[in-house]
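For reference, the structure discussed in these notes is given below.
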Amino acid sequence: MLSKPLSHFQKQSYSSSSPLYSSSADNSVQSSSSLLQNYDISHSECNIPLSIASRVGTNLHLRKHHPLNTIKTIIEEYWKNLSMNKNDADADANDGDNHQANKTFQTRDDFDPIVHIHDNFDSLLIPPDHVSRSKSDTYYVNKETVLRTHTSAHQTALLKEGVDQFLVTGDVYRRDEIDSSHYPIFHQMEGVRMFSNDELIKAGAISTNDQLKYVEQDLKQGLEGMVRTLFGDVEMRWGIDYFPFTDPSFELEIYFNDEWLEVLGCGVVHRDIVKAVGRGDQPGWAFGLGLERLAMILFSIPDIRLFWSKDERFHSQFKSGEIITFQAYSKFPPCLKDISFWTSMPDVESSFHLNDLNEVVRDVAGDLVEKVELIDEFVHPKSGRSSNCFRISYRSMDRSLTNEEVDELQERVRNEVVDKLRVELR
């Protein structure tokens, strides 16, 4: 929901022995996930490449010993323990009558990532013209169905069911840039807590303004405690943010390893969402965070691609429930290749989007591509045509790439760019 990811297709094998997941290096990506078997991903309305389709439902967050599972488990246990302590305090205040014993956090980590656009966008008040709805940002299964872009896609359904406190974890999908901290599939956790009239009255929060202050205070205190559980006694600061689905909205930053880092977004659930699910004016809060972002910081993992590695040198370092500093086992040199092309015709507005290029490169090279960056822009003084030059960094986390295979990858990228993006190479 509120988290900002660190913030998206069937190739011949270049090295079947490479342990890093790659569309060009793993035969398992030759077909789509069973979750998509009832959908036609070759349809013109679908923009999901096979390299993404094959990983839908991989669920790294459920794998024992995986760093993402450890972060998930620590956070879930924190909120469950916090709610249990509150219930015990309420019971003591009511002479042992624990009438709020059922008020604990439900945890869900098994929701289908294929969702209706109403659940992913409309129910969360995301405007029809918002950039996140575009095919340059989101993977569409068809005109009305997408791969969820946030775990908030399940928020209104749970609220309609009457669930007052819940944590939802799952894989989310966004077409994104290529670098060490961005990946088209990442994992997110959403937390929501709604407040009963009894609790608000006992807290003396009668007016709407008092209730808003109480909910905001509860949210911030809870999240600060969660951060201390993960990072220890670190300095924190709150900032104002904006999300369509919360009002007011906030971001939390921590001072860690000599720098300020944003760790999550949160806010008071928007009153229009609450009314739409039939809860009247009931107040509540919500937060969202990216598991990869937290894990990269806490485990000192330098590249987001490593979470998808099959290499035992990676996985053997970790144990469930323990935060262990990652020890690099290899550092191979990158191989840099440039590609230049005209992005527009004379007097015709360009339809080129960087994420389209990223998708082509990922489709060809999979996880062997480390970064794509714009290094030069040029507008022809006479024709007015625009030209871009991009530098592609190829690097495996597990082995040295040969010049021959990188040259072959680059040649395929050049051909695919012309074929799929309808641009003219320079």
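What to note about this one:
- Remark: the range 169-279 carries a charge dipole of roughly 620 debye about the Cα centre, counting +1 on each Lys and Arg Cβ and -1 on each Asp and Glu Cβ.
- Couplings 3J(HN,Hα) for the range 218-231, derived from phi with the Karplus relation 6.51 cos²θ - 1.76 cosθ + 1.60 (θ = phi - 60°), are 4, 4, 5, 5, x, 6, 5, x, 4, 5, 5, 4, 7, 10 Hz, where x marks Gly and Pro.
- Anisotropy class of the range 208-350 from Cα gyration tensor, a/c 1.5 cut: oblate
- In this structure, Val379 and Thr402 have a Cβ-Cβ separation that, at R0 = 35 Å, corresponds to a calculated FRET efficiency of about 0.40.
- Amide H contacts of Glu370 (H built 1.01 Å from N, in plane; Pro and chain starts excluded): Ser393, Tyr394, Arg395 sit under 5 Å, all sequence-distant by 5 or more or on other chains.
- FRET efficiency, 1/(1 + (r/R0)^6) with R0 45 Å, evaluated for His118 and Asn257 via beta carbons: 0.60
- Enclosing the Cα atoms of the chain in their convex hull gives a volume equal to 161 cubic angstrom per residue.
- Listed values for the range 419-426 are Karplus-derived 3J(HN,Hα) couplings in whole Hz (6.51 cos²θ - 1.76 cosθ + 1.60, θ = phi - 60°), namely 5, 9, 9, 6, 10, 10, 5, 9, and x replaces Gly and Pro.
- Computed from phi, the 3J(HN,Hα) profile of the range 362-375 under the Karplus parametrisation 6.51, -1.76, 1.60 (θ = phi - 60°) reads 5, 4, 7, 9, x, 7, 7, 9, 9, 7, 10, 9, 6, 10 Hz, with x in place of Gly and Pro.
- Accessible surface calculations at 1.4 Å, restricted to protein heavy atoms, place the chain at 44 Å² per residue.
- Note on Asn142 and Arg108: the extension gain reaches 9.7 nm, defined as 0.36 nm multiplied by sequence separation minus the Cα-Cα distance.
- Estimated FRET transfer efficiency (Ser44, Lys331; beta-carbon r; R0 45 Å; 0.05): 0.55
- Expressed as a whole percent, the accessible surface of the chain that belongs to carbon and sulfur atoms is 46, based on a 1.4 Å probe.
- Cα shape, the range 348-425, gyration tensor, a/c 1.5 rule: prolate
- Where labels lie 7 Å past Cα in the beta-carbon direction, separation of Val163 and Lys86 in nm: 1.7
- Computed [θ] at 222 nm, deg cm²/dmol, the chain (DSSP H ≥ 4; -39,500 (n - 2.57); rounded to nearest 500): -8500 deg cm²/dmol
The values are calculated or read from the model by the stated rules, or taken from the named source; none is laboratory data. The structure displayed is predicted, hence computed values, not measured ones. Virtual Cβ from ideal backbone geometry, glycine too; neighbours counted across all protein chains shown. To get the accessible areas, we keep the full protein, side chains included, count just its heavy atoms, and leave off ligands, DNA and RNA. Shrake-Rupley method; radii C 1.70, N 1.55, O 1.52, S 1.80 Å.
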